[in-house]
Amino acid sequence: MAKRRKLIAPSADDLSRLEDEFRRETSSRSFTAAPIAQVAAETASSYDPRPAEDRERAARDRNDAESFRQKTEAGLVMLEIPLEEIDADALVRDRVVLDAEDMQELQMSIAANGLRLPIEAYPLAEDGRGFRYGLLSGYRRFRAVQALLELTEKPAYTKIRAVLRDPEAMGGTFAAMIEENEIRANLSHFERGRIAVIASQQGAFVNVEAAVDALFPMASKGKRSKIRSFALIFEELGDMLRFPELMKERDGLKLAAALRGGAEARLRDLLARRDPANAADEAEMVLEALAQLEPVEADPARGGRPKKPAARAERAREVRKLTSGITLKTISEANGWSVKIEGGNVDGEMIDAVMQKLAYLLETP
């Protein structure tokens with residue numbers, strides 16, 4: 001009779017060792033499913049049990065969503081953005097002042113007809129202030145809606161219609177803002193010069209010269225030169241002037257010429273003696289200050305339009321006054337002589353007769 005073997009349950013160490021051996025043996029083997037199994041798996045994964053109408057609707061929704069995303073990125077979709085999510089001062093504005101009367105008219109128009117033209121905004125990076133968008137253009141419209149909200153507290157004014165823009169694709173934030181304002185409301189030379197200085201100070205351009213060239217590429221060479229002159233006024237006297245955006249072009253160019261001549265300290269001293277009441281008063285102050293400076297000689301290296309030579313005073317060699325009231329003058333010129341005939345009764349027939357007699361005298365030997 002065969003002796004029965006006594007079965008002993010494996011220990012935990014034995015089980016761990018068996019599992020390790022099994023894992024080593026099986027990990028080196030590669031199992032490839034049969035082709036029919038692969039086909040069945042692919043078919044099962046691609047099978048959509050929904051009805052054809054539901055599948056068609058889902059495909060249409062995906063296409064619409066993609067189209068909407070593309071149009072939003074291109075700035076073709078109008079959004080309604082809460083005012084509290086827009087930082088109106090994220091970008092230094094080129095407009096220096098807002099006319100109170102114009103702003104009131106704009107508020108009344110929006111209250112009566114709604115906001116007809118949306119603002120332009122661009123996404124902001126998270127900075128902990130709660131703003132999601134920066135204001136690119138439409139500063140006056142934004143402030144008007146904001147004022148209406150404070151005045152009426154109507155929920156309709158808690159949001160504003162806007163389109164999203166990519167300012168870098170439009171040539172940078174400064175260029176995009178200025179382009180919008182140049183089209184809608186002409187900027188003064190001082191406002192142009194001011195924003196060029198600020199853009200260069202914030203590192204958008206290497207210097208003011210480059211900022212003017214980049215921000216106003218369509219301006220003529222002469223206009224860019226004037227903008228640089230007013231940029232100099234902003235740099236050196238911007239804190240002294242109260243109404244610089246209303247300064248006349250002629251006065252501004254004179255002021256810039258004096259600054260280039262080194263008169264900054266003297267001008268600051270003269271302008272600090274009085275506080276102007278209005279733009280006309282300030283313009284008078286500037287002219288009075290310039291009158292007290294030494295005249296500045298023009299720098300030929302700066303170029304400019306060539307001056308016309310001064311007309312020479314007319315010098316007659318001989319003057320004869322006739323009894324008929326006619327005066328004859330002989331004048332020596334660089335290439336010959338001229339005879340001038342003056343008098344109230346001189347007409348074309350008389351001149352023709354004189355020319356015939358002169359021709360006869362000069363042709364006679």
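Sticking with the crude label model, points 7 Å out along Cα→Cβ, report the distance from Asn207 to Leu117 in nm, one decimal please.
Roughly 3.6 nm, to one decimal.
So what J values fall out for the stretch 276-285 if you push phi through Karplus, 6.51 cos²θ - 1.76 cosθ + 1.60 with θ = phi - 60°, rounded to Hz, Gly and Pro as x?
x, 7, 7, 5, 5, 5, 5, 4, 5, 4
So, with a 1.4 angstrom probe, what is the percent of accessible area on the stretch 319-365 that is carbon and sulfur? Show your work: numbers first, answer last.
On the way: 2290 of 3970 Å².
After summing per-atom areas, the C and S share lands at 58 percent.
Report the calculated FRET efficiency for Arg17 and Glu84 (r = Cβ-Cβ distance, R0 = 51 Å), to the nearest 0.05. Walk me through the numbers before you get to the answer.
On the way: r = 67 Å, r/R0 = 1.31.
Between Arg17 and Glu84 the formula returns 0.15.
First check a/c for the stretch 317-365, with a ≥ b ≥ c the square roots of the eigenvalues of its C-alpha gyration tensor; if it is under 1.5, answer rounded, and if not, answer prolate when a/b is larger than b/c or oblate otherwise.
On the way: a/c = 1.93, a/b = 1.15, b/c = 1.69.
It is oblate, given that a/c is not under 1.5 and a/b is not larger than b/c.
So for each of 284-293, 232-241 I average, over its residues, the number of other beta carbons within 10 Å; can you give me the resulting order with the highest mean first?
On the way: 284-293: 15.4, 232-241: 18.2.
Ranking the peptides 284-293, 232-241 by packing returns 232-241, 284-293.
Each residue of the stretch 212-228 in turn: what ³J(HN,Hα) in whole Hz from Karplus with 6.51, -1.76, 1.60 and θ = phi - 60°, glycine and Pro shown as x?
5, 5, 7, 7, 10, x, 8, 6, 6, 4, x, 5, 5, 5, 5, 4, 5
Taking a ≥ b ≥ c as the square roots of the eigenvalues of the Cα gyration tensor of the stretch 204-275, is the shape rounded (a/c under 1.5), prolate (a/b larger than b/c) or oblate?
Working: a/c = 2.11, a/b = 1.90, b/c = 1.11.
Note, shape of the stretch 204-275 comes out prolate.
Based on the Cβ-Cβ distance from Leu293 to Leu361, what FRET efficiency comes out when R0 is 56 Å, to the nearest 0.05? Could the numbers behind the result be given before it?
Working: r = 60 Å, r/R0 = 1.08.
Approximately 0.40, to the nearest 0.05.
Any chance you could run the full-extension gain for Gln104 through Asn63? It's 0.36 nm times the residue separation minus the Cα-Cα distance, nm to one decimal. If you can, show how the numbers build up before the last one.
On the way: separation 41, 0.36 × 41 = 14.76 nm, distance 4.47 nm.
Residue separation times 0.36 nm, minus the Cα-Cα distance, leaves 10.3 nm.
At a Förster distance of 45 Å, what's the computed FRET efficiency of Thr330 paired with Ala265, Cβ-Cβ distance as r, to 0.05? Don't skip to the end; give the middle numbers.
Working: r = 58 Å, r/R0 = 1.28.
E(calc), rounded to 0.05, equals 0.20.
For a quick check of your reading of the filter: which trypsin sites (Lys or Arg not before Pro) in the stretch 105-159 sit in a DSSP loop and have no more than 15 other Cβ atoms within 10 Å?
Details: sites: Arg116, Arg129, Arg132, Arg140, Arg141, Arg143, Lys159; in loops: Arg116, Arg129, Arg132.
Here the sparse-neighbourhood loop sites are Arg116, Arg129.
The values are calculated or read from the model by the stated rules, or taken from the named source; none is laboratory data. Quantities reported herein were computed from a predicted structural model and do not represent experimental measurements. Every residue, glycine as well, gets a Cβ built from its backbone with ideal geometry; the counts of neighbours run over all protein chains shown. Each accessible area value is taken on the protein alone, full model and side chains, heavy atoms only, with ligands, DNA and RNA left out. Shrake-Rupley method; radii C 1.70, N 1.55, O 1.52, S 1.80 Å.
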